[in-house]
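**Q** One structure is given below, represented as structure tokens, and several questions about it will come after.
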Amino acid sequence: MVSNNTTQLSFLTGSTDMDNDALFEGIMKHIGLNGKYQSRFNYVFNLIFIIFLAMPYLNLVLAMTIPEHWCHVPGRNETNMTEDEWKQLTIPR
């Protein structure tokens, strides 16, 4: 049986007994998988990615909406018309 120290030394010294995937896994176990840098990088990268990925889709939603708007025509306060009647009279068709 190989001791833990021998295994650590074999991947640190570049022994050819281990393939590349096992070497990488061994290095990551030795370094640590969830450090402060890894978590900060993961959050920042994912937030930036999500923001830039969502922009084109939100732009479509904003561009396709038609807000209900009609320009203000002065003089409605002096009349006895409802809003719908005033729109019928003032909005060009």
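**Q** Be a star and scan the stretch 60-76 for residues whose amide nitrogen sits under 20 Å from the point 7 Å along the Cα-to-Cβ vector of Gln88.
**A** From the stretch 60-76, the list is 69-76.
**Q** Rank the residues Lys29, Lys36 as a footprinting-exposure proxy: fewest other Cβ atoms within 10 Å of their Cβ go first.
**A** Numbers: Lys29 12, Lys36 8.
Final ranking by Cβ density, sparse to dense: Lys36, Lys29.
Values in this text are rule-based calculations from the coordinates and carry no lab data. This is a predicted model, so every value here is computed, not measured. Neighbour counts are summed over all protein chains in view; Cβ atoms, including those assigned to glycine, are modelled from backbone coordinates with ideal geometry.
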